[in-house]
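Data first, discussion second: the structure below is written as structure tokens.
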Amino acid sequence: MKTILHMIETGGTGGAETVYVDLVRSLDPSRWSHVPVLPTHEWMYDRLVESGFQPVLVPERHAFDVGYFAKMINLIRTRGVDLIHAHLFGSAVRAALLSRICNVPAIATLHGNLDVHPGQRFHALKIAAVNSGLKQIVYVSQQLQRTLLASVPLRRDLGMVITNGIDADLYSAAADDAFRREYGIGAGEFLVGTVATPGRPAKGLDILLDAVSILKELSPGCRFMVVGDLEYGRGLEVLRDRDSRGLADDVIFTGFRTDVHRALAAFDLYALTSRSEGFPLSLLQAMAAGLPIVSTRCGGPEQILDHGASGILVENGSATAIANAVALLRENPDERLRLGAAARCAVAARFTLEAQVHAYERVYESCLANSHGWGRRNRQRPARQAAV
């Protein structure tokens with residue numbers, strides 16, 4: 001059995017956070033034990049505890065917090081860590097430095113264009129650390145890999161793609177009228193929904209609001225729902241923007257919900273209006289729910305959806321294109337059924353959680369096989385727990 005230390009710079013909800021939690025939960029417990037490290041006690045912490053793991057809280061004051069690194073080095077040594085797996089660029093930098101200090105191999109997964117900020121302080125030094133300290137950089141989509149390598153001098157030989165996956169059965173619920181009634185949505189109303197953190201500008205909720213305004217004239221009677229944590233980032237600003245446009249009766253913000261599968265089962269159509277996406281799990285979830293989908297061409301969706309076959313892809317940033325596609329599908333229930341069925345089949349065939357987990361296991365095995373970590377040479381390993 002090998003021990004993996006998992007790192008991430010956030011603790012709340014989101015795609016990267018879900019991938020982290022899913023990996024810890026799903027990796028073969030007879031082969032891998034885990035030291036999940038989090039900066040805060042939020043959604044991720046509670047989900048891991050529910051699954052029998054005890055996350056270690058190690059907060060950080062700034063990028064090169066000496067106290068943080070001292071705690072992490074001690075953790076790596078006392079827990080007998082064999083491999084470090086970081087998510088997002090900030091954690092990738094820290095993992096690379098810890099790898100060099102402790103002589104423990106490290107990999108990192110980059111989930112989106114916004115992971116890497118060229119305007120950050122010490123950007124060149126951080127890139128150098130990643131390039132010299134990581135054994136593998138995983139990108140969640142081919143488009144993300146191409147985009148980042150074109151703009152950031154990351155080592156090409158370290159890169160590979162592992163697409164995200166889901167347990168599709170979790171999202172294949174029957175239509176949920178009770179969920180609709182909870183928010184005053186009538187049985188005959190056409191509900192367009194999305195699952196996104198409103199306060200993240202990359203999610204393009206302002207574009208969605210523009211599309212809503214257009215649809216009020218183009219296809220009157222549509223209702224819209226956004227499921228996601230309003231307390232994160234600029235979420236409350238988006239709420240005020242909705243109200244200032246006079247759309248309070250048209251667009252419902254539910255806030256954070258743990259029953260996303262019920263929300264998806266209540267939607268008639270799914271709209272993704274993001275400006276930039278790595279490989280959106282919410283899109284896979286909507287596909288597993290059998291929903292017809294309208295999505296911007298914003299990176300990851302182009303690798304997920306086959307335009308005209310399993311979904312509709314429209315111009316990035318165009319509220320008019322989104323509104324036109326929604327209006328067209330609203331008037332064509334047979335086309336909605338066809339697209340939804342094709343989307344469900346695509347997820348089952350190409351984007352499973354099992355395939356994602358096995359792909360990461362192969363990366364771990366490769367890194368460990370080519371590593372000569374100090375832990376195997378220089379210390380007696382402590383007793384392991386089934387779930388750390």
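Structure data summary
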{"quantity": "Residue among A196, A211 that alone is within 26 Å of A327 (Cβ to Cβ), over 16 Å from the mean Cα position of the chain (by Cα) and in contact (Cβ under 8 Å) with a residue 40 or more places away in the chain", "calculated": "A211"}
{"quantity": "Residue ID - modelled with the highest pLDDT, chosen from residues in region 161-189 that are closer than 17 Å to I304 by Cα and surrounded by fewer than 17 Cβ atoms within 10 Å (Cβ to Cβ)", "calculated": "V161"}
{"quantity": "Top-ranked residue in region 90-128 [being more than 22 Å from L5 (Cβ to Cβ) and assigned to a helix (DSSP H, G or I); ranked as modelled with the lowest pLDDT]", "calculated": "L114"}
{"quantity": "Among the candidates D115, D82, residue that is over 14 Å from V37 (Cβ atoms), acidic (D, E) and touching a strand residue (DSSP E or B) at 6+ places or on another chain (Cβ under 8 Å)", "calculated": "D82"}
{"quantity": "Number of the exception - G184 against (1) at positive phi; (2) part of a helix (DSSP H, G or I)", "calculated": "(2)"}
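The values are calculated or read from the model by the stated rules, or taken from the named source; none is laboratory data. Quick caveat, the model's predicted, so the values are computed rather than measured. Neighbour counts run over all protein chains shown; Cβ positions are idealised from the backbone, glycine included.
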